[in-house]
1. How many residues are without any contact (Cβ under 8 Å) to a residue 12 or more places away in the chain and not small (Gly, Ala, Ser) when one looks only at segment 7-31?
2. Restricting segment 52-70 to residues that are in contact with a helix residue (DSSP H, G or I) (Cβ under 6 Å, 6 or more places away or on another chain) and part of a loop (DSSP other than H, G, I, E, B), which is modelled with the lowest pLDDT?
3. Go through (1) buried (at least 20 other Cβ atoms within 10 Å of the Cβ); (2) at negative phi; (3) touching a Gly at 6+ places or on another chain (Cβ under 9 Å) for residue 63 and report which single condition fails.
4. Scan (1) at pLDDT below 95; (2) closer than 16 Å to residue 27 by Cα for the single condition residue 112 breaks and write down its number.
5. Looking at (1) more than 16 Å from residue 7 (Cβ to Cβ); (2) within 14 Å of the chain's Cα centre (by Cα), can you tell me which one residue 132 breaks?
6. Inspect segment 71-84 for any residue being at pLDDT 95 or above and farther than 24 Å from residue 37 by Cβ and give the result as yes or no.
Amino acid sequence: MNQPETCRTTAENYYQNGKWLCSEAVVTVINDMLGRPLPPECVKMASGFPVGIGSSGCTCGALTGGVMALGLAFGRTIPGDENTAILKVSGELHDWFKTTFGSTCCRVLIKKVEFGGKEHIEQCTSITGSVAEYVANTIEKNDIKL
């Protein structure tokens, strides 16, 4: 299994087993993939995004976790440095997500399933894994090594 597939499977397992929610799972697996440039506690920064940012139903937590994870590889650390790369890959993730799933809004994505039910868990597990795989592929494609 290649790195992106491993990220997908691991993120899906984290979500499905209830160990991490969507944004937390994506951030954790990408941080691990990159050799933990941030301590594992960085997942705390992703903990407020599930269920559409604090359970508000807005932007999908897997998507926001994906943007955070891309920041680990493409983000800037020096004020005023170039930020073109992170804006580009984040925009591409957003557009891919919207095209693939039909919306970036958690409320829209889960409106046809019972919240907390089997179909909800299956759907969000798949979305979480898909985002983790997409982010891992983006990092690999750009040959990012930290």
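The values are calculated or read from the model by the stated rules, or taken from the named source; none is laboratory data. The structure presented is a predicted model; accordingly, all values stated were derived computationally and were not measured. Cβ coordinates were reconstructed from backbone atoms using ideal geometry, including for glycine residues, and neighbour counts include every protein chain displayed.
1. In the first step, residues of segment 7-31 are kept if they are without any contact (Cβ under 8 Å) to a residue 12 or more places away in the chain; the result is 13, 17-19.
Retained after the next criterion (residues that are not small (Gly, Ala, Ser)): 13, 17, 19.
Looking only at that region, the number is 3.
2. Step one: list which residues in segment 52-70 are in contact with a helix residue (DSSP H, G or I) (Cβ under 6 Å, 6 or more places away or on another chain), which gives 52, 57, 60-70.
Add one more test, that the residue is part of a loop (DSSP other than H, G, I, E, B), and what stays is 52, 57, 60.
Details: 52: 91, 57: 88, 60: 97.
Across segment 52-70, the extreme among qualifying residues is 57.
3. Tallying (1) buried (at least 20 other Cβ atoms within 10 Å of the Cβ); (2) at negative phi; (3) touching a Gly at 6+ places or on another chain (Cβ under 9 Å), residue 63 fails exactly one: (3).
4. (2)
5. For residue 132, the exception is condition (1).
6. no
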